[in-house]
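See below for the structure under consideration.
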Amino acid sequence: MRTETSRFKDYIETKGLYFTPERQCIAEEVFSNHKHLDAEELLKILKTKGSKASRATVYRTLDLLVESGLVDKIDLGDGRAAYEHTAGHTHHDHLICIKCGSVEEFEEPLIEQLQDWACEKAGFKATGHNLNIYGYCRSCNATQ
Ligand SMILES: [Zn+2]
Ligand SMILES: [Zn+2]
Ligand SMILES: [Zn+2]
């Protein structure tokens, strides 16, 4: 976590911005939380921990975290997004419930292989991918 925070500090400073205590607080929370957090949830957690970071600062810092490559942004649909840090987590894809908003992780070797194959055919050198599948989770599907 310390290394992620210091890497983020370096990133912020190379952009000519200040690594403020608010930004540090936000980054440390994102790096230590292993859930898929949305910005409003994060704001609430920070408030309970006594942080004075404004909503605008939280959103701006999340953007910077994504730009730095240390955090992934997951499109939940409806304009909502969740964030997760990448260090310490192996590659995975997401099943996103459009009813309750749950985010489940999955990893399917066959899908990964097919994507490699598609890239190879296109002569495309992939550096990463996001795969989100939208629909209804097991419990929402049961109550449809
Ligand atoms: Zn994948
Ligand atoms: Zn659901
Ligand atoms: Zn995830």
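The values are calculated or read from the model by the stated rules, or taken from the named source; none is laboratory data. All figures in this text were calculated on a predicted structure; none of them were measured in a lab. Note: ideal-geometry Cβ built from the backbone for every residue, glycine included; neighbour counts use all protein chains shown.
Among the conditions (1) in contact with a Leu (Cβ under 7 Å, 6 or more places away or on another chain); (2) touching a residue at least 60 places away in the same chain (Cβ under 8 Å); (3) not basic (K, R), L70 misses just one, which is (1).
This table checks each residue for (1) more than 22 Å from S102 (Cβ to Cβ); (2) assigned by TED's automatic domain parsing to the domain that holds Y134; (3) modelled with pLDDT under 95; (4) touching a Ser or Thr at 6+ places or on another chain (Cβ under 6 Å).
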{"site": "K9", "(1), (2), (3), (4)": "yes, no, no, no"}
{"site": "T14", "(1), (2), (3), (4)": "yes, no, no, no"}
{"site": "S32", "(1), (2), (3), (4)": "no, no, yes, no"}
{"site": "L37", "(1), (2), (3), (4)": "no, no, yes, no"}
{"site": "K49", "(1), (2), (3), (4)": "yes, no, yes, no"}
{"site": "A56", "(1), (2), (3), (4)": "yes, no, no, no"}
{"site": "L65", "(1), (2), (3), (4)": "yes, no, no, no"}
{"site": "L76", "(1), (2), (3), (4)": "no, no, yes, no"}
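Residues that are within 16 Å of ligand 2 (Cβ to nearest atom), outside the structural domain of T3 (by TED's automatic domain parsing) and on the phi > 0 side of the Ramachandran plot occur at least once in region 85-105. Within this structure, D72 passes the test of being at pLDDT below 95 and among the charged types (D, E, K, R). Residue-level check: of (1) touching a His at 6+ places or on another chain (Cβ under 9 Å); (2) farther than 30 Å from C140 by Cα; (3) surrounded by fewer than 17 Cβ atoms within 10 Å (Cβ to Cβ), H34 misses just (2).
Listed by first and then second residue, the pairs linking a residue in region 113-139 that is without any contact (Cβ under 8 Å) to a residue 12 or more places away in the chain to a residue that is surrounded by 11 or more Cβ atoms within 10 Å (Cβ to Cβ) and in a helix (DSSP H, G or I), with Cβ atoms under 7 Å apart and 6 or more places separating them unless they lie on different chains, are A126/C119. Looking at A118, A87, A53, just one residue is more than 14 Å from ligand 3 (Cβ to nearest atom), of a type outside the set (V, I, T) and touching a Leu at 6+ places or on another chain (Cβ under 9 Å), and that residue is A53. For the residues K99, K73, K9, the requirement of being touching a strand residue (DSSP E or B) at 6+ places or on another chain (Cβ under 8 Å) and surrounded by 12 or more Cβ atoms within 10 Å (Cβ to Cβ) singles out K73.
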